[in-house]
Amino acid sequence: MKKVLLAVDDTKGAVRATETLIKFCSTAKPEHVALVYVEKMLGRSLVGEALGTGPEMDELRKALKDTDYQQMLDKKAAKIIAYHTKMLNDAGITAIKSVVKEGRPADEILATAKEEAAELIIIGSRGNRRHDFLIGSVSREVANTSPVSVLLAR
């Protein structure tokens, strides 16, 4: 495997995804790992899922640019990226490109996989949640729509 996309966030599932990549690549390190974190402007909400992408979300991004809230999101992203980068570096995986995006996580993960020519996406799964049938989970959406293989870490 030459190019792998590792999607991370602030969940235990993301830690399991990083651990899975480390175990999966214990004998042959990938040439390139795209470490992707997607900032969710509105947190985990149905409103954020409904807005998704488009003019409303673009207006929100513009309004939040250079605000304390955006700085807080950027700081959180940097901490999460640093945490997973350290895990990978400690395992000898050093060819890492950090990517921070804004928007709907599934859309941004898939777009980044295409941009980075990833051959595999590794993403954590939180298991069954009651509201998944209403809005779907990020890992499920990525797995169901990705043109490349997806490894779900549990």
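Quick note: the coordinates plus some simple rules give every number you see, no bench work behind them. All figures in this text were calculated on a predicted structure; none of them were measured in a lab. Cβ placement follows ideal geometry from the backbone for every residue including glycine, while neighbour counts extend to all protein chains displayed.
Could you work out how much longer the chain between ALA63 and GLU31 gets when fully extended? Use 0.36 nm per residue separation minus the Cα distance between them, nm to one decimal.
Values: separation 32, 0.36 × 32 = 11.52 nm, distance 3.84 nm.
Length gained, ALA63 through GLU31: 7.7 nm.
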- Task: Pop a pseudo-label 7 angstrom from the Cα along the beta-carbon direction at both TYR83 and GLU115 and give the gap in nm to one decimal.
- Result: 2.3 nm
- Expected sort for ARG140, ARG154, ARG104, ARG16 with the fewest Cβ neighbours (10 Å cutoff) up front is ARG154, ARG140, ARG16, ARG104
- Item | Ranked list, fewest to most other Cβ atoms within 10 Å of each Cβ, for VAL36, VAL150 | VAL150, VAL36
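Which links in LYS2/LYS86; LYS40/LYS79; LYS3/LYS65; LYS2/LYS62; LYS40/LYS97; LYS2/LYS65 stretch past 25 Å when you go from one Cα to the other? The partial results should precede the final answer.
On the way: LYS2/LYS86 20 Å; LYS40/LYS79 15 Å; LYS3/LYS65 32 Å; LYS2/LYS62 36 Å; LYS40/LYS97 20 Å; LYS2/LYS65 35 Å.
Over 25 Å Cα-Cα: LYS3/LYS65; LYS2/LYS62; LYS2/LYS65.
If we sort 64-71, 107-114 on the protection proxy, mean other Cβ atoms within 10 Å, highest first, what's the order?
Numbers: 64-71: 10.9, 107-114: 20.2.
In decreasing order of mean packing, 64-71, 107-114 become 107-114, 64-71.
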